[in-house]
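These notes concern the structure reproduced below.
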Number of protein chains: 2
Amino acid sequence: MNRPTLEAVAARAGVSKSSVSRVINGASTVAPSIRDVVLRAVRELGYVPHAAARNLATRRTDAVALVVSDPPKGLVSDDPMFSAVVRQASRKLEAAGKQVVLMLAGSDDGRARVAQYVAAGHVDGVVLISMHGTDTLPATLARKGLPIVSLGRMNPTVPYVDNDNLGGAGLAVRHLLQRGRRRIATITGPLDMIASQERLTGYTTVMRETGHRSIVALGDFTRISGADAMRQVLQDDPGLDAVFAANDLMAIGALRTLREAGRRVPDDVAVIGFDDIEAALYTAPALTTIHSPMTDWATATVNLLLGLFDGGPDTPVLLPAELVVRESA
Amino acid sequence: MNRPTLEAVAARAGVSKSSVSRVINGASTVAPSIRDVVLRAVRELGYVPHAAARNLATRRTDAVALVVSDPPKGLVSDDPMFSAVVRQASRKLEAAGKQVVLMLAGSDDGRARVAQYVAAGHVDGVVLISMHGTDTLPATLARKGLPIVSLGRMNPTVPYVDNDNLGGAGLAVRHLLQRGRRRIATITGPLDMIASQERLTGYTTVMRETGHRSIVALGDFTRISGADAMRQVLQDDPGLDAVFAANDLMAIGALRTLREAGRRVPDDVAVIGFDDIEAALYTAPALTTIHSPMTDWATATVNLLLGLFDGGPDTPVLLPAELVVRESA
DNA sequence: GACGCATTAGAGAGCGCTCTCTCAACGCCT
DNA sequence: AGGCGTTGAGAGAGCGCTCTCTAATGCGTC
């Protein structure tokens, strides 16, 4: 249990603490002979630097907080975006030698904890993931003065990487129109998220420009909300011939409702989603959707943060949207 | 940027560092008058204790590592278990005042990093998630002497919480037999994982006991592997009338293959999965499966670790399996 | 009124590391 | 040969906090 200290290594190697420190940190001004004897002592003792002590002395932590908006219990318990994005971000951060501290900012309690945690100097930077636009946390954190980026646009003060939500939604709607669909409904995400707003705007803009009436149902990015919204919109407007869901999960829910209602997809109603999650390949029929490159997205976001550490620019990045045509539309 | 220190608070409040420390840490031996003046100073200065300094002095970190076996690129990029389990575990750990350090132990590199990290005294305990049985990391970590638990059985030395994989698989197979199915195939998970082995054993045991021939195809818990395995097993044994997939993702893959092959589910071939992920409610037809309580599972695992911190027992926990009958079998 | 015993505040020695500053050693130039 | 620059090693003062130990104060007891 009694871990060896740097001092013990120094004693064993017969050199000063300073020299050991230099060797550990790879300073160039160290004679090879000293280097060798120190490294041997390190190996023999199984020495590993004490993290907290180093943090205290350097005032760096080499840690980054990954803040995820944890939805209220019951919502999106298995959000595929969560795992894809968190995984990729972790991978990239670890590759850059940063440790990843995962924090859920669902409740007010959680948000307070995050703010406290960041204030405690626990991390060198913050990656925010899919926060709601109304959240005050981003602003609070931004005020602390440490580097912070966001996956998904969210707060004007926070540099971000985002999908082209507007363009993607436009792509989807135009595709439906080209296929001869005329009564096209949309199922939105939670409207306090910018991504939802943009996807809705993309839809309404194209619909208006082409002289079609908008049919809007509210969802919250979960499968069940998609199923419910589909049911409602089907009731309100039985003659509709297409649906654009603001994400694939809701599209999957919509598919189920359509199946239950006896509507054939795409014959009676065309369905198009957004995100291109893996599950979209396995629906019946396979889901036509807008590809959003989760992996690239996470990578770009992490790179933006790492750049900030090195004094890089905080220019937002917009990833292009792409239509993936499968069977459902 | 210059954060106030405890000393600054002491000066402002006109008391000693010790008193401030006592107030911050909620010691009882402090007069209300002093408490008040200190708290006011804390508020006025916006003081937040410096984490590293505290860690150094106390030799505690209040942090727990969540080690996830990151699959090689391409596999299960959106594993629903990952998000459900990681989320719930984080929630519980945060509620207990622990910070969550997420680590991916996919590559050898990652494993080394985890070992190093734990050795550096960065965390007070470790939660391992769905590690492969052949992994040496658990043993390495267990040797460090700090509390460590595993979600899913894995290494004899590590206390765990697990599903009743054996019983669950038995439940599935017996259900198929009861429904009159006779040629029942199974699609396994990666066989270096204990969960896969147990689910396979559960299947083969019941098949043997009831005098039926086992038909086994290898998968790796991904949708695509389920689809591939289904295709293969269909070719080898065109007359089969049921499939037990070792998880829902592979069952979803199998459903697609069956659809493509023109087999009706459940009329021609019954399909049953394992895990009861949310997506199982949205397949066509809805997936019959073995419910494994992800949320309880994560909670129990975290509780086991928290118990260990307080000198509690390290008795493994086995969660009961339950059959959920839907449409596919 | 002196004494002992709680009770509560203050002093200060670490915790293990980094990093500046100092100093020794060793050419090299004039 | 003496002075100077350069390179590399050692000393030690922090980093901000905790926690033990000591001192002071108040109270009850005989």
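Every number in this text was worked out from the coordinates using simple rules, so none of it is lab data. Keep in mind it's a predicted model, so treat the numbers as computed, not measured. Note: ideal-geometry Cβ built from the backbone for every residue, glycine included; neighbour counts use all protein chains shown.
Give the span of chain A's Cα atoms along each principal axis, as three whole-Å numbers ordered largest to smallest.
Over chain A, Cα extents along the principal axes are 86, 36, 35 Å.
Would you mind listing the distances between the B:Arg174 label point and the same position in each other copy? Use 7 Å along Cα-to-C-beta, nm, one decimal, shortest first.
Reported distances to equivalent positions: 5.9 nm.
Work out from phi, with θ = phi - 60° and the Karplus expression 6.51 cos²θ - 1.76 cosθ + 1.60, the ³J(HN,Hα) of each residue of segment B:150-157, listed in order in whole Hz, and give x for Gly and Pro.
Ordered by residue, 3J(HN,Hα) equals 9, 8, x, 5, 7, 9, x, 7 Hz.
Work out the P(r) tail for the protein assembly as shown: percent of alpha carbon pairs separated by more than 43 Å, whole number. Show your work: numbers first, answer last.
Numbers: 66177 of 216153 pairs.
Result: 31 percent of Cα pairs exceed 43 Å.
Would you mind listing the distances between the B:Pro156 label point and the same position in each other copy? Use 7 Å along Cα-to-C-beta, nm, one decimal, shortest first.
Going from nearest to farthest copy, the values are 6.5 nm.
Place a +1 charge on the Cβ of each Lys and Arg in chain B and a -1 charge on the Cβ of each Asp and Glu, then give the dipole magnitude about the Cα centre in debye, rounded to the nearest 20.
940 debye
When the Cα centres of segment A:287-310 and segment B:299-329 are compared, how far apart do they sit, in Å?
Each part reduced to its Cα centre gives a spacing of 35 Å.
Send over the per residue convex hull volume for segment A:37-107, Cα only, as a whole number of Å³. The partial results should precede the final answer.
Values: hull volume 9.8 nm³, N = 71.
Spelled out: Cα convex hull of segment A:37-107, divided by residues, is 138 Å³.
Leaving out same-chain residues fewer than 8 places away, which aspartates and glutamates sit with a Cα under 15 Å from that of B:Lys98?
In chain and number order, the partners are A:Asp109, B:Asp62, B:Asp124, B:Asp310.
Running a GNM on chain B with Cα contacts under 10 Å, which residue among B:Ala115, B:Ala242, B:Ala298 ends up with the highest mean-square fluctuation?
Sorting by GNM fluctuation, first place goes to B:Ala115.
Estimate the FRET efficiency between A:Lys144 and B:Glu7 by the formula 1/(1 + (r/R0)^6), using the beta-carbon distance for r and 22 Å for R0, to the nearest 0.05.
Details: r = 21 Å, r/R0 = 0.97.
For R0 = 22 Å, the calculated efficiency reads 0.55.
With r as the distance between the Cβ atoms of A:Phe309 and B:Arg60 and R0 = 22 Å, compute the FRET efficiency 1/(1 + (r/R0)^6) and round to 0.05.
Details: r = 28 Å, r/R0 = 1.28.
So the FRET efficiency works out to roughly 0.20.
Treating the point 7 Å from Cα along Cα-beta-carbon as the label, what are the nm separations from B:Arg3 to the other copies, to one decimal?
For B:Arg3, the inter-copy label distances come out at 2.0 nm.
Taking the Cα atoms of segment A:5-83 alone, what are Rg (to one decimal) and Dmax (as a whole number) in Å?
Over segment A:5-83's Cα set, Rg and Dmax evaluate to 20.5, 62 Å.
Only helical DSSP H runs with n ≥ 4 go in: add -39500 (n - 2.57) per run for chain B, normalise by residue count and round the 222 nm mean residue ellipticity to 500 deg cm²/dmol.
Values: 12 runs with 147 residues, N = 329.
Per the formula, -14000 deg cm²/dmol.
Could you check which residue among A:Gly307, A:Gly226, A:Gly125 shows the biggest mean-square fluctuation in a GNM of chain A with a 10 Å Cα cutoff?
Its mean-square fluctuation being the largest, the pick is A:Gly307.
Give me the three principal axis extents of segment A:79-237 from the C-alpha atoms, as integers in angstrom, largest value leading.
Result for segment A:79-237: principal-axis Cα extents of 56, 29, 26 Å.
Rg(Cα) of segment A:184-329 divided by 2.2 N^0.38 Å? List each step's numbers first, then the result.
Numbers: Rg = 16.6 Å, N = 146, 2.2 N^0.38 = 14.6 Å.
Here the Cα radius of gyration is 1.14 times the empirical estimate.
With bins 10 Å wide starting at 0, give me the P(r) of segment B:144-219 over every alpha carbon pair, in whole percents.
Computed distribution, short to long bins: 19, 43, 23, 11, 3, 0.
In whole angstrom, note down how far apart the Cα centers of segment A:150-224 and segment B:212-270 are.
If we compute the Cα centre of each part, the gap is 37 Å.
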